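**Student:** This structure is in structure tokens; I'll ask about it shortly.
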Amino acid sequence: MSPVTLAEIVAALGGELFGDATLPISRLAPLDRADPAALSFLANPRYAAQLATTQAAAVIVAPALREAAAARGAVIVTADPYLYFARLTQWWAARTRRRAVAGVHPSAVIGAGVRLHPSASIGAFAVIDDGTEIGADAVIGPHSHIGADAFVGAGTRFGGRVTLGDACRIGARGIVHAGVVIGADGFGFAPQALDAGGRWEKIEQLGAVRIGDDVEIGANTCIDRGALDDTVIDEGVKLDNLIQVGHNVRIGAHCAMAGCVGIAGSAKIGRHCTVGGGAIILGHLELVDHVHITAATVITRSILKAGQYSGLFPFDDNASWEKNAATLRQLHSLRERLRALEKKS
Amino acid sequence: MSPVTLAEIVAALGGELFGDATLPISRLAPLDRADPAALSFLANPRYAAQLATTQAAAVIVAPALREAAAARGAVIVTADPYLYFARLTQWWAARTRRRAVAGVHPSAVIGAGVRLHPSASIGAFAVIDDGTEIGADAVIGPHSHIGADAFVGAGTRFGGRVTLGDACRIGARGIVHAGVVIGADGFGFAPQALDAGGRWEKIEQLGAVRIGDDVEIGANTCIDRGALDDTVIDEGVKLDNLIQVGHNVRIGAHCAMAGCVGIAGSAKIGRHCTVGGGAIILGHLELVDHVHITAATVITRSILKAGQYSGLFPFDDNASWEKNAATLRQLHSLRERLRALEKKS
Amino acid sequence: MSPVTLAEIVAALGGELFGDATLPISRLAPLDRADPAALSFLANPRYAAQLATTQAAAVIVAPALREAAAARGAVIVTADPYLYFARLTQWWAARTRRRAVAGVHPSAVIGAGVRLHPSASIGAFAVIDDGTEIGADAVIGPHSHIGADAFVGAGTRFGGRVTLGDACRIGARGIVHAGVVIGADGFGFAPQALDAGGRWEKIEQLGAVRIGDDVEIGANTCIDRGALDDTVIDEGVKLDNLIQVGHNVRIGAHCAMAGCVGIAGSAKIGRHCTVGGGAIILGHLELVDHVHITAATVITRSILKAGQYSGLFPFDDNASWEKNAATLRQLHSLRERLRALEKKS
């Protein structure tokens, strides 16, 4: 891939350029690993000292750091360097990545009444069942399976072997990574009485999954279909890998959740929430907008006030942990003993 | 799909009908979202007040609520409304869902000596290796891979891209959702001494997986093959999505486990147990029948008495949690200080 | 499969044989389930009492147990019986398992400029994109998708439906189980200011994944590509099922991690570390060599000293847990009250 000049980058993405506009840029790199062909960025002022030592051809900085950065060479000044960097990576990827070829791979199996936009790309061994619609510029990766009467919006890209179940819908400009399963059955059973056998009687899941625009879903994540109503993921939601979203969950717009999160059935999560890796949200709870859950925290009741919530056991060297954990099992009685002492004193 | 009458429903599923038997039902819905074309149900007496406000055409209730329900319109009375509702969803799905077509999709790759029942349905791009047997009315979804000398019982349905490894068996009437991997290698290694390199020497996993009848397995769940003996899942077990079942685990009949559970190798779990989402059961433990594990709990020793067991850190606003968590690391010394005070007083 | 004699086993694997070298061995089995056609092993002296009762044809033991074992029949003596057993399983599997057939299945789709070693085996419906290289004796399972410009080393075996992304590399003698996704995008977004909409701006992930030799990766595990640099898994690492490895993580040689572990972005883990099932390691942390993390522990800061670290809430019967957990939320104030008492006394 031939290099680009700083001038080309600023022409495409904006920002104020100081220094040699003809400098050729061959790669993007963090400050501490940049070479003289790299463009780097300084998003966190904590790392400002790296300006003095970086080998980067140029650095993207906020206005406050313009002078410090310009002292060492070319600089792009912008209000939010991290956001600028994000858009730069998008521009870079658009330049360098292979584009999916429009059309249907000859091996794909396309059902009856499927409406494929001619600009969509359907990969090898993809299976698209009857009555489904695939929008303009959508990309369906190899080995993907789109059920019947489903919908994939314009510009949405599926990696390889994605499953989108019957009647499930995803909006425009989404990204769904390999191995994702959207629309498997929610986990619903009615318990038979134990004296009648204690079997679990399946509740067929008659709802679907509806996903808004600009949603990204990480590898091997699962979003179950609803029992009667739909499971709903609103626009702009970003889900990492290996997340479980139970039936009839609703995730509000612009939430972001890290890997290995589990959301049990019918939880309702507000807008602009974040959930750290491995956290669990129990079923039928409600979280209002702007709730932030720390990694590995288990949410056991609704949260009606915005803020940060946590609940993880602090780790320690094993011996210290063992002593404290053992004492934890006597905590309630310690409190009683403390009370008794207080009364005495 | 044309509506059905209440009379047809009661003819198929039983229950005592009060009110207009000719009412047309177009959908099933929860009380609070039902419209006049919907049949709803009241399983939890806590929601009895919704009877007054629901728009449902008719409601399924227990005998104790017959009068309250009949006051507002048609009603189906049955001893266990939730169980009735479950069977109703099954009947409904059987009416409305596309049925898999019997026969082998022309793209499927079928090995030597494979015995396929003529009523079985083998999807596009499925691969079935030598010597395997697929029972009557079984459905193997697209992109599934059944290893050699495996067995799929009558009526068992695999979603798309399910893996069933060599020599693994699943009984009748099972449901296996997309992305499930049954029969990958268990995680077994012998550690080399550190001074010899500290490598992990693979223990080849020579056992298989045996799954009983009426088992449901959620999307992207993994059940490993045994090291020498088999991993065994007994009849009627229900596993949600993204569960890990290690090698040589045994799960007793009619257990149910929610998403993201992990069961380490050689754990032995009794019958009729339930495990909440994200719980972990360590290896080589035994749980007797009727043990119930709360979500996100880590089971570190065997449980020999039926009951509910828990162990999760209560979450709090971040500031409160930080104070308590920090103090937790001094808990053992607090106990010592309390003791000293008690001696003094 | 016809049985082998003890003599053949010792000829292949070493060890000192005492007793009848012509004994036919038809299977490997644990001591307590061995029959007279089985070879068993005693790795843990705790189980030495089983020597008296096992039905095994012969037992593999350490020198210290030679006499006890020989008293009951044939015995193979070796310095490390567990390591011997591991190698025995490998030898056994090599004898008994079907070998992948060299060559490309006619249904596979092979891109331009792909270099396939003639001894490699490419399964049904595999897709290999342009410019990729597959080494000698490598096995690519059915429905696998290897991106462009990727590399699979000699002897590495992929199960069915493995994804290896563009430009990602794995060394020699690896084992990658079904459903694994290597090289999906890392989870990287720049947050827009809330008053500008609070959207998440995607940071395109321009790095790749580099995996060393002798690495095993369990079913449905995900390893994300790096943002700018690569995610790196060093030689000899063993990962169990359903593990999440974030972008730019580095895992040092000969680490082993159990199922359901999550490693957040840019964590750097030393050599010879072990991580128990369900543990979480937060991002940007560093763990030195020989750190051992207990199952379900959450690592929230760097660990600079080798050793065992833990942090899990001890489970209890539900009623006891509830009392202790409730008190836990007052722990900090209990400490204050204790302090007050101490001052008084």
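The values are calculated or read from the model by the stated rules, or taken from the named source; none is laboratory data. Since the model is a prediction, treat every value here as computed from it, not as a measurement. Cβ sites come from the backbone with ideal geometry, for glycine too, and all protein chains shown count toward neighbours. In case anyone asks, the SASA skips ligands and DNA or RNA and just uses the protein heavy atoms, side chains included. Shrake-Rupley method; radii C 1.70, N 1.55, O 1.52, S 1.80 Å.
**Student:** Given a Förster radius of 41 Å and the C-beta distance between residue C:344 and residue B:305 as r, what FRET efficiency does 1/(1 + (r/R0)^6) yield to the nearest 0.05?
**Tutor:** Working: r = 43 Å, r/R0 = 1.05.
That pair, residue C:344 with residue B:305, gives E of 0.45.
**Student:** While we're looking at this one, here's another question. Residue B:112: net charge of surrounding residues, Cβ under 15 Å, Lys/Arg +1, Asp/Glu -1, itself excluded? Don't jump to the answer; show the numbers that get you there.
**Tutor:** Details: positive: B:115, C:98; negative: B:129, B:130, B:133, B:149, B:166.
My count for the surroundings of residue B:112 gives -3.
**Student:** Report ³J(HN,Hα) in whole Hz for each residue of the range B:242-257, in order, from the Karplus equation J = 6.51 cos²θ - 1.76 cosθ + 1.60 where θ = phi - 60°; Gly and Pro get x.
**Tutor:** Result, rounded to whole Hz: 6, 9, 10, 10, x, 5, 6, 5, 10, 10, x, 4, 6, 6, 9, 10.
**Student:** Could you check the spin-label model distance between residue A:336 and residue B:53? Points 7 Å from the Cα along Cα→Cβ, value in nm.
**Tutor:** 4.4
**Student:** Which value, in Å², gives the accessible area per residue of the range A:59-159 when a 1.4 Å probe is used on the protein heavy atoms? Provide the component values of the computation, followed by the final result.
**Tutor:** Working: 4030 Å² over 101 residues.
Here the per-residue accessible area is 40 Å².
**Student:** Could you give the distance between the Cα centres of the range C:309-342 and the range A:271-334, to the whole Å?
**Tutor:** Taking the Cα centre of each part, the range C:309-342 and the range A:271-334 sit 14 Å apart.
**Student:** What ranking do A:336-343, B:50-57 get when scored by the average of other Cβ atoms within 10 Å per residue, highest first?
**Tutor:** On the way: A:336-343: 13.8, B:50-57: 18.9.
The densest-packed peptide leads the list: B:50-57, A:336-343.
**Student:** Please state the relative contact order of the range B:103-309 as a whole percent: Cα pairs under 8 Å, 6+ residues apart? It would help to have the intermediate numbers written out before the result.
**Tutor:** Values: 743 pairs, mean separation 20.9, N = 207.
Relative contact order for the range B:103-309 comes out at 10 percent.
**Student:** Run the helix sum for the protein assembly as shown: -39,500 (n - 2.57) per DSSP H stretch of 4+ residues, divided by residue count, reported at 222 nm to the nearest 500 deg cm²/dmol. List each step's numbers first, then the result.
**Tutor:** Numbers: 15 runs with 162 residues, N = 1035.
-4500 deg cm²/dmol, from helical runs alone.
**Student:** Mind ordering C:298-310, C:144-156, A:289-301 by average Cβ neighbours within 10 Å, highest first?
**Tutor:** Values: C:298-310: 16.8, C:144-156: 23.9, A:289-301: 21.6.
Top to bottom by mean Cβ count within 10 Å: C:144-156, A:289-301, C:298-310.
**Student:** Considering only protein heavy atoms and a probe of 1.4 Å, how much of the accessible area of the protein assembly as shown is carbon and sulfur, as a whole percent? Before the final figure, lay out each step's value.
**Tutor:** Values: 20250 of 38410 Å².
Ligands and nucleic acids excluded, carbon and sulfur reach 53 percent.
**Student:** Search the structure for amide H atoms under 5 Å from the amide H of residue A:157, placed 1.01 Å from N in the peptide plane, and list their residues when 5 or more places away or on another chain.
**Tutor:** Counting only residues 5 or more places away or on other chains, the set is A:139, A:174, A:175, A:176.
**Student:** Oh, and also: Averaged across the residues of B:29-36, what count of C-beta atoms belonging to other chains lies within 10 Å of each residue's C-beta?
**Tutor:** Values: counts 3, 5, 0, 0, 2, 1, 0, 0.
That works out to 1 on average.
**Student:** Provide the gained length on full extension for the span residue A:194 to residue A:317, in nm with one decimal, where the gain is 0.36 nm per separating residue minus the Cα-Cα distance.
**Tutor:** On the way: separation 123, 0.36 × 123 = 44.28 nm, distance 4.44 nm.
Contour length minus Cα-Cα distance gives 39.8 nm.
**Student:** Let me ask something additional. What are the label-to-label distances in nm, one decimal and shortest first, from residue C:35 to the same spot in the other copies, with labels 7 Å along Cα to Cβ?
**Tutor:** For residue C:35, the inter-copy label distances come out at 6.4, 6.4 nm.
**Student:** Right, here's the next one. Sorted by mean Cβ packing within 10 Å, highest first, what order do the peptides B:264-273, B:239-248 take? Can you show the working numbers first?
**Tutor:** On the way: B:264-273: 22.0, B:239-248: 28.9.
In descending order of packing, they fall as B:239-248, B:264-273.
**Student:** Measuring label to label, 7 Å along Cα→Cβ, what does residue A:193 give against each other copy in nm, shortest first?
**Tutor:** 6.5, 6.5
**Student:** Next up: Can you compute 3J(HN,Hα) from phi for each residue in the range B:308-313, using the Karplus curve 6.51 cos²θ - 1.76 cosθ + 1.60 with θ = phi - 60°, rounded to whole Hz and x for Gly and Pro?
**Tutor:** Couplings: 9, 10, 9, x, 10, 6 Hz.
**Student:** Could you give the nm distance between label points at residue A:26 and residue A:95, where each point is 7 Å from its Cα heading toward the beta carbon?
**Tutor:** So the two model labels end up 1.4 nm from each other.
**Student:** Taking the Cβ-Cβ separation of residue A:8 and residue A:79 as r and a Förster radius of 25 Å, what is the calculated FRET efficiency to the nearest 0.05? Could you put the intermediate results ahead of the total?
**Tutor:** Numbers: r = 21 Å, r/R0 = 0.84.
The computed FRET efficiency comes out at 0.75.
**Student:** Amide H to amide H, which residues 5 or more places from residue B:120 or on other chains are under 5 Å from it, using H placed in the peptide plane?
**Tutor:** B:103, B:137, B:138
**Student:** Report the residue, chosen from A:29, A:326, A:49, that carries the largest GNM mean-square fluctuation when chain A is represented by alpha-carbon nodes joined by springs under 10 Å.
**Tutor:** A:326
**Student:** Please work out the C-alpha center-to-center distance from the range A:24-97 to the range B:233-253 and express it in whole Å.
**Tutor:** What the calculation gives is 51 Å, centre to centre.
**Student:** Also, I was wondering about something else. Using protein heavy atoms only (no ligands, DNA or RNA), what is the total accessible area buried between C and B, 1.4 Å probe, nearest 100 Å²?
**Tutor:** Details: alone 18770 and 18760 Å², together 31450 Å².
The buried area between C and B, both sides summed, comes to about 6100 Å².
**Student:** Along the three principal axes, how long is the protein assembly as shown when you take its alpha carbons, biggest first, rounded to the nearest angstrom?
**Tutor:** 86, 86, 80
**Student:** Before anything else, pin down the relative contact order of chain A: Cα pairs under 8 Å, at least 6 apart, normalised by residue count, whole percent. Write down the numbers at each step before the final one.
**Tutor:** On the way: 935 pairs, mean separation 21.6, N = 345.
The value is 6 percent.
**Student:** A follow-up question, please. Counting only complete DSSP H runs, which helices of chain C cover 18 Å or more along their long axis at the Cα atoms and score a mean Kyte-Doolittle of -1.0 or above? Provide the component values of the computation, followed by the final result.
**Tutor:** Values: long enough: C:81-96 (22 Å, -0.26); C:331-344 (20 Å, -1.09).
Qualifying helices: C:81-96.
**Student:** I've got another one for you. Once you average over the residues of B:332-343, how many Cβ atoms of partner chains fall within 10 Å of each Cβ? Before the final figure, lay out the partial values.
**Tutor:** Working: counts 9, 4, 10, 11, 2, 5, 9, 2, 2, 10, 5, 0.
That average works out to 6.
**Student:** OK, next. Taking beta carbons within 10 Å but only from partner chains, what does the mean come to for residues B:187-197?
**Tutor:** Values: counts 11, 3, 6, 10, 8, 5, 3, 3, 0, 2, 4.
If you average over the peptide's residues, the count of other-chain Cβ atoms is 5.
**Student:** Measuring nothing but label to label, 7 Å from Cα along Cα→Cβ, what are residue C:24's distances to the other copies in nm, shortest first?
**Tutor:** 7.3, 7.3
**Student:** Convert each backbone phi in the range B:129-146 into a coupling constant with the Karplus relation 6.51 cos²θ - 1.76 cosθ + 1.60 (shift: θ = phi - 60°), then list the ³J(HN,Hα) values in order as whole Hz, x for Gly and Pro.
**Tutor:** Taking θ as phi minus 60°, the curve returns 7, 4, x, 8, 10, 10, x, 4, 6, 5, 10, 10, x, x, 6, 7, 10, 9 Hz for the range B:129-146.
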